[in-house]
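Derivation of every value follows stated rules applied to the coordinates shown; laboratory data play no part. Source: prediction; values computed, not measured. Here Cβ is always computed from backbone atoms with ideal geometry, including for glycine, and neighbour counts include all displayed protein chains.
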């Protein structure tokens, strides 16, 4: 069932309405935070599955995929939403396979078998079976995982942060904030480098400092100067790409470059729902430009005659990352493909 | 008792950290050396090669004193332990040690009159420590020195204790002078006695048996033993001039006023008949009593005067108390600091008061030239920034200062001006630490000043200096800039994207002139949110008609792919090839290196510094932390960051780019690798003598 196979039936009115509402919520900023978006996507898909007129696996897969296409078209940067669509698709496939009494041969496959696997799955999809109930169980499981992912990552904090360490982090990230708080008695000192959204960094600094973490806020320009002192760089990312590359806040690449230059380990906190089976090799993929006033106010005289760029994302190649910390534990960038193959069905890599 | 008290004070103070000026240290060293020499000669004189043997009487005194400290030192090198030991021995109130201590105590007293500061104690103590090590090597002779230096410290400590009490000070000084005088007398006397005694070596045997080095220490606790020994010795000898005796007695009495034990020993040193001895002892006792009384009286007087002065100066007393307690609060302060500066204690050494505070205690009614004061304010308030601008402004102010300088009568021009210059510079550097360019300019200026002939006419000298400064600005800054501009222009080709970071007058000039020369390129100016220098640069470039792009430093890697060359300015080029630049320069160089973009640093040779730095921590300037707070945001969360002990804002001024990240440095001499910095410096030294 490769993506280009077969015509996807149109979704019904109600589902389209739900999708539009979901997209507009994200666009207007009502829905923020990767975890919330992930949960919202899964609930949307659950709704669509529940509302589906036909309960056959083929129909459900097509409906979810159609939803996914619409979402990715509307929100090309929300890789997490697409990830969730893939996760649900995988759930449907698993259920169907279980029903057909097949061994779920894709879970735990080697790379070789992944490559060599024959894409003749379609014939084995029997219709006329209400798959919704077991799928709902899967979805509930998924939601539970989403909920627990933060605490699962934070629970590993003490394994990675030792006493009195100087941690550098870039921009603002809820996950990093909780991770540092969870390091508790180890009392790391935090060097918070403000990203392009400096007010959020400031807010994070005040929150953390009020909870007893010693925070030093610096501008992004000082990263190079300060890096020799830093023990570890701990960052949150927008998304982790296949192959272990990372999409992060603009300016992250400069930070990891400095870290690499000074051989400071870079630890990326990436819950599983941020793992995307997409490849990229340069910064123009999955990137967007923010309004230029974030870099230079419109009111300044020089802005009239200048081109001002303010990119939103930075692409960090896998060799800049020392370690990923996911819900399941730490893993090196080269192992990300394995996690991906466990999470998603290779047929769903492209929605 | 007094000596003991002093010692104790010294012991207490030995821990407070202080500074000793170089001259003071030198003086101290000279002093100690001298005294050690004295000691040596004395020793040889006395012992005639039998160091550890106690010869009767006078010799006993002289010999014991160097030995005793030796023993102590052997047991431990540490000054503290030495102190305690000395204290112990004092507690035993042995006449021998006391004698010695008193003697050594008095020797440096003339120096102690210098009203040294409390800090000096520790330095002196350290000095003593060093000497102790030396002494260990050299042997007994130098130990006296040590105890002397130590005494010196105690003396100083004593002085310190009541620094404001003038009367007591004066009294003490008088005392010291007196005692010094006495000591001299004693010494001469003793040497006489030694000569006398050495002729009667016969008696040595018994004493020597009883009094080995260890024995001396033991017997210190018991006067009687010593006395008995001496008695027996005296009984055997029984040959002594009555006249000498009398003399000794007289001396003893005078000494006893201050130091009774010296007299006692002294007297015993001469052999006598039993009757004579009895009479002598009686006289001795009387003298002791008298001495005690005198001491008590003196103490009372001291106390009274203390009370008086205390009454007079109530606030002064408080000050004294505060000073005496100063070591404790210091410790507490440190603790507090280390707690609160969980914050960012690795920049503690850079945390000088922020510039604004420097402005607060501006000396308005000073002798400084108004142009200098103006420059100081400009530097502190960052009105004048940038290496070149600061250098030019400094030379300009100095020019005005030289112009208006009026030579005081009977002063050499160069010396008078040098004094004025030193005062001005110390003021300026307090306002803001000098940049390499300023340091070099001052070096040059000073060099010119020393080159002036001695009998130079004031007018001529001023003219010469002003011309020299003009020449420096013209050659070192202006013409050098032009040469660099031409060199870089040749490296920019049509269609290039040139990235530059921050604001540099030199880079601006290069870009402007290249544009005027008709090179078609695009300038990408990178700045950061905190410092607005890049915006200033952008403004100037746009005014010159250069087509520009602007990105924040966070977008550095975004634009770097399309950049052909990175052109960076520098505040200084250090002698190890590192570039001291505005903070963010390193970041730009790093990203450029990651993208294999050549990095050119433009830097005139007058910015080459002979300092060495490998990271940005050893030397840096902390900028205004408030700059990190978004001014446009009314309710910024950072506003009350100072009240939050866990939150710290850090705004660095410089960073250091290692030579490995820089492709080449463009100077007016040539386009060089960074590592050629020492060569350039050497060349300049030979060329300009700076």
Exposure proxy order (Cβ contacts within 10 Å, fewest to most) of A:312, A:227: A:312, A:227
Chain A, relative contact order [Cα under 8 Å, separation at least 6], %: 18 percent
Centre separation in Å (Cα based) which lies between segment A:154-205 and segment B:628-690: 27 Å
10 Å Cβ neighbours from other chains, averaged over peptide A:205-215: 5
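How do B:547, B:557, A:280, B:632 rank when sorted from fewest to most other Cβ atoms within 10 Å of their own Cβ?
Details: B:547 14, B:557 27, A:280 19, B:632 8.
So the residues, fewest neighbours to most, are B:632, B:547, A:280, B:557.
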Residue order, fewest to most surrounding Cβ atoms within 10 angstrom, among A:313, B:674: B:674, A:313
Computed over segment A:155-342: relative contact order in percent, which uses C-alpha pairs under 8 Å that are six or more apart: 21 percent
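With the cut-off at 1.5 for a/c, could you classify segment B:355-479 from its C-alpha gyration tensor as rounded, prolate or oblate?
On the way: a/c = 2.30, a/b = 1.31, b/c = 1.76.
Because a/c hits 1.5 or more and a/b fails to exceed b/c, segment B:355-479 counts as oblate.
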Span from the segment B:601-617 Cα centroid across to the segment B:558-589 one, whole angstrom: 12 Å
Share antiparallel - DSSP beta bridges, segment A:155-342, percent rounded to 5: 35 percent
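For segment A:117-248, what is the relative contact order in percent, using Cα pairs closer than 8 Å and at least 6 residues apart in sequence?
Numbers: 161 pairs, mean separation 28.9, N = 132.
Once normalised by length, the contact order is 22 percent.
What 222 nm value per residue comes from the helices of chain A, counting each DSSP H run with n ≥ 4 as -39,500 (n - 2.57) and dividing by all residues, nearest 500 deg cm²/dmol? Mind showing how you got there, number by number?
Numbers: 12 runs with 149 residues, N = 351.
My calculation for chain A gives -13500 deg cm²/dmol from helical runs alone.
Classify segment A:155-342 as rounded, prolate or oblate from the Cα gyration tensor: take a ≥ b ≥ c as the square roots of its eigenvalues, call it rounded if a/c is under 1.5, otherwise prolate when a/b beats b/c and oblate if not.
Numbers: a/c = 1.88, a/b = 1.18, b/c = 1.60.
Judged from the Cα gyration tensor, segment A:155-342 comes out oblate (a/c at least 1.5, b/c at or above a/b).
Give the shape of segment A:307-351 as rounded, prolate or oblate, defined through the alpha-carbon gyration tensor: a ≥ b ≥ c are the square roots of its eigenvalues, a/c under 1.5 means rounded, and otherwise the shape is prolate if a/b is larger than b/c and oblate if not.
Note, shape of segment A:307-351 comes out oblate.
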Separation of alpha-carbon centers, segment A:230-290 and segment B:390-423, rounded to whole Å: 58 Å
